[in-house]
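Participant: My questions will all concern the structure given below.
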């Protein structure tokens, strides 16, 4: 079968290719057995624009190397992506339905991260499982940003780069604090197979963590807990290679089985500066629930995991999980102008600091219960 594909080469210039794809492709090879990699495919004008003048860019159905996570990105991280992004993927010869990706402008550093590659704007990544084909369409109500491309991420087997010599991550030796919660089990970066050669060397720290912002990764819920390390490796690669950040943005991640994973490098007990809540990354920690919780409930095990890591992280310096924290905005792109202060609940949702759905309405509604359980774990009445 012949498939026509348009790829953008430059301003106002497109090349049309004829791709030969098999009628019955071989089963997908799970990329877990391969080295991690990202494939970037430029999006060009679609052959048939029936939008009545609305700009359309995309990629018609084509075969690809195996991948498990994808997203769409563009050159300028400050540029808005009008309209919608839809993708569909192929697994074992069967195409999925169209899935909409969400533009993701709020999960990012407050300023450029030193030494990191050039930052890009991007949608939230979507976990699709082992796939070998992709089709993309981007429809905008206005001018679409330059440099549109789809990034296909294969998470690899978690061994590449792990033998590279890097500076050790040291936990802080802190005096015992009142109401310090038990330290939960945490899967370290080496445990989920982080390729340390991807991230920038060194670490960045802030003042003591006074605030925990709860997120959802918006990657979808169709993953097995045994695949959580693959999913986190893919998010890590997407944040570094696509978004252009120094490391994965979140400080911790929690899967639907309640397993807690170390995120950004620097030591789990230390106040590592993340890239998770625009304007309020300082003196805070970002805890991301793996999945999408706008219309689905987070499992109880996942809620418990969020409460455990929040209780412990805040309790390291005696912070009450049911208390509050005053933070100063570092970016006017947040809900609050740069330089102004706002009082947050000590465990808040991402939407409290930015105009976003994150962490999804269903998970946001459970934050009071998470605060109560976290305070209980701290030994508070």
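Here, each number is a calculation from the coordinates, and none is a lab measurement. Remember, it's a predicted structure, so these values are computed and weren't measured experimentally. Glycine gets a Cβ as well: all are built from the backbone with ideal geometry, and neighbour counts include every protein chain shown.
Participant: At a 10 angstrom cut-off on C-beta neighbours, averaged per residue, how do the peptides 83-94, 223-234 rank from highest to lowest? Show your work: numbers first, answer last.
Facilitator: Details: 83-94: 17.6, 223-234: 20.9.
Going from most to least packed, we get 223-234, 83-94.
Participant: Still on this structure: For the stretch 186-377, what relative contact order do you get, as a whole percent, if you take Cα pairs closer than 8 Å and at least 6 residues apart? Before the final figure, lay out each step's value.
Facilitator: Numbers: 412 pairs, mean separation 49.2, N = 192.
Contact order relative to length: 26 percent.
Participant: Continuing with this model, one more query. For residue 324 and residue 221 in the same chain, what is the full-extension length gain: residue separation times 0.36 nm, less their Cα-Cα distance, in nm? Write down the numbers at each step before the final one.
Facilitator: Details: separation 103, 0.36 × 103 = 37.08 nm, distance 3.10 nm.
Stretched out fully, the residue 324 to residue 221 stretch lengthens by 34.0 nm.
Participant: Hey, another quick one. Go ahead and run the numbers for FRET between residue 78 and residue 381, Cβ-Cβ distance against an R0 of 30 Å, rounding to 0.05.
Facilitator: Numbers: r = 47 Å, r/R0 = 1.55.
After rounding, the FRET efficiency stands at 0.05.
Participant: Pulled fully out, how much extra length does the chain show between residue 35 and residue 190, if you take 0.36 nm times their separation in residues and subtract their Cα-Cα distance?
Facilitator: Numbers: separation 155, 0.36 × 155 = 55.80 nm, distance 1.59 nm.
Result for the pair: 54.2 nm of gain on full extension.
Participant: Here is a further query. Would you please give the FRET efficiency between residue 257 and residue 206, computed as 1/(1 + (r/R0)^6) with r the Cβ-Cβ distance and R0 = 45 Å, to the nearest 0.05? Before the final figure, lay out each step's value.
Facilitator: Details: r = 30 Å, r/R0 = 0.67.
Between residue 257 and residue 206 the formula returns 0.90.
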